[in-house]
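> Have a look at this one.
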Amino acid sequence: MHSPCITVVGGINLDITGQSFSEMILEDSNPGRVTWTYGGVGRNIAENLARMGARVCLITALGDDAHTPLIRRHCEETGIDLSYSGVILNTSSGVYLSVHDANGDVRAAVSDMAICDRITPAYLEGRLPVMNRSDLVVVEANLPQESLLYLGSHLTVPMVADPVSVKKSPRLLPLLPRLTAVKPNRPEAEVLSGVPIRTRADLEAASDAILRKGCRSVFISLGAEGVYYSDGETRGIQPCLPGKVHNTNGCGDAFLAALAMGITGGMSLEFCARLGQAASALCATSPSAVSPDMEPGRLLEMAGI
């Protein structure tokens with residue numbers, strides 16, 4: 001696999017994950033396992049990219065608490081360049097708290113990503129040169145909308161975006177004309193398109209609506225049903241790859257990283273979707289948000305590329 005230079009602009013945080021050993025009983029204490037790892041949509045994408053062989057710079061905001069030295073060391077060990085990320089005084093690191101059922105699916109989550117509000121246009125201005133030297137920039141909707149708009153009007157390289165959540169998806173609406181690709185799940189695609197999605201025809205209508213707003217390609221995650229992809233001319237559904245699922249947290253981030261690699265490598269829409277599904281399947285086999293086995297050769301073999 002090629003070795004592109006990719007900049008990710010987004011969040012980094014501590015992931016606290018609890019998984020029930022058996023069928024979850026809501027509003028009650030469930031025996032299970034609790035793990036602490038480093039996460040954040042931006043950081044997850046960056047680590048996946050580094051493991052896939054890209055040269056990765058992560059531009060984020062760091063808290064001034066005890067977690068930051070550990071975060072720096074972890075990023076250094078995983079090949080993520082944090083040299084363009086600053087520490088914000090009197091702030092706490094981001095935290096993502098999630099609860100998973102015995103199948104690994106998220107049943108509830110709380111995201112404290114207020115520190116991302118400090119990634120303002122003024123914060124980004126001095127970092128534009130490194131971004132515009134990249135082959136591609138990945139952004140995510142934890143960033144303030146004014147910062148996303150700033151990047152859209154000042155970056156000269158291709159951009160790919162992750163809507164993150166239904167609540168934050170609207171932040172990407174003004175950015176769509178600038179995007180090479182966007183990767184929503186079904187509810188996020190409904191927000192971006194304004195089209196309720198129930199059938200295959202609805203998928204086509206929703207993707208066409210997003211494309212009419214200026215985005216060049218759309219990849220809509222359908223969970224266990226696969227991913228729908230379209231650029232207005234080529235469209236299809238790439239099924240999920242078979243495999244044991246330990247954890248679905250981070251699978252979307254793995255897909256987006258593989259999508260970025262596919263785009264910078266000049267892959268077709270179908271190959272990008274296949275590579276993304278391979279990365280997602282590999283991520284699902286790991287209890288952490290990023291699989292330690294995310295290796296380029298294995299990824300290409302799984303994707304049949």
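Read-outs throughout are calculated quantities, based only on the coordinates presented, and are distinct from any laboratory measurement. Since this is a predicted model, take the numbers as computed values, not measurements. Positions of Cβ are backbone-derived with ideal geometry, glycine not excepted, and every protein chain shown enters the neighbour counts.
> HN-Hα J couplings of region 84-93 from phi, Karplus 6.51/-1.76/1.60, θ = phi - 60°, integer Hz, Gly and Pro as x?
Rounded to whole hertz, the list is 9, 9, x, 8, 9, 5, 6, 10, 9, 5.
> Under a point spin-label approximation (7 Å from Cα along Cα-to-Cβ), what is the Leu26-Ala201 distance to one decimal in nm?
About 3.3 nm, to one decimal.
> If you don't mind, another one. Cα centroid distance between region 173-218 and region 240-305, in Å?
If we compute the Cα centre of each part, the gap is 22 Å.
> Please list, or write none, the lysines whose alpha carbon is within less than 18 Å of the alpha carbon of Lys167, excluding same-chain residues fewer than 8 places away.
List returned: Lys183.
> Dipole size in debye (nearest 20) for region 7-153 around its Cα centre, Lys and Arg Cβ +1, Asp and Glu Cβ -1?
520 debye
> For Lys213, give me every one of the aspartates and glutamates with a C-alpha distance below 20 angstrom, ignoring sequence neighbours fewer than eight places off in its own chain.
Here the aspartates and glutamates satisfying the reach criterion relative to Lys213 are Glu140, Glu146, Asp162, Glu188, Glu190, Asp202, Glu204, Asp231, Glu233.
> On alpha carbon coordinates alone, what is the Rg over Rh value for region 77-141, Rh being the Kirkwood radius?
A ratio of 1.06.
> Just order 270-277, 192-199 by mean Cβ neighbour count inside 10 Å, highest at the front, would you?
270-277, 192-199
> For a quick protection proxy, order the peptides 212-218, 182-188 by their average other-Cβ count within 10 Å, most packed first.
Per-residue Cβ counts within 10 Å, averaged per peptide and sorted highest first, yield 182-188, 212-218.
> If we count every other residue with Cβ under 10 angstrom of Leu256's Cβ, Lys/Arg +1 and Asp/Glu -1, where does the sum land?
-2
> Where does each of 44-51, 159-166 land if you order them by average Cβ count within 10 Å, highest first?
Result, highest mean Cβ count within 10 Å first: 44-51, 159-166.
> Rank these for me by crowding, Arg118, Arg200, going from fewest to most other beta carbons within 10 Å.
Starting with the residue having the fewest Cβ neighbours, the order is Arg200, Arg118.
> Amide H to amide H, which residues 5 or more places from Asp15 or on other chains are under 5 Å from it, using H placed in the peptide plane?
Thr37, Tyr38, Gly39, Tyr96
> Further question: Whole-Hz ³J(HN,Hα) for each residue in region 167-174, computed from phi via Karplus 6.51 cos²θ - 1.76 cosθ + 1.60 with θ = phi - 60°, x for glycine and proline: what do you get?
Whole-Hz 3J(HN,Hα) from phi for region 167-174: 5, 9, 3, x, 4, 8, 3, x.
> In a shell of Cβ-Cβ distance under 15 Å around Gly265, excluding Gly265 itself, what net charge do Lys and Arg (+1) and Asp and Glu (-1) give?
Net of charged neighbours comes to 0.
> Debye calculation, C-alpha points only, no solvent: report log10 I(q)/I(0) for the chain at q = 0.16 Å⁻¹, in the same order as the q values.
-1.38
> What is the list of residues in region 232-251 whose amide nitrogen lies under 14 Å from a point 7 angstrom out from the Cα of Glu270, following Cα to Cβ?
Once the point is set 7 Å along Cα→Cβ of Glu270, 233-239 turn out to lie under 14 Å by backbone N, inside region 232-251.
> Using modelled amide H (1.01 Å from N, peptide plane; none on Pro or chain starts), what sits under 5 Å from the amide H of Arg107, excluding residues fewer than 5 places away?
For Arg107, whose amide H was placed from the backbone, the distant partners under 5 Å are Val99, His100, Asp101.
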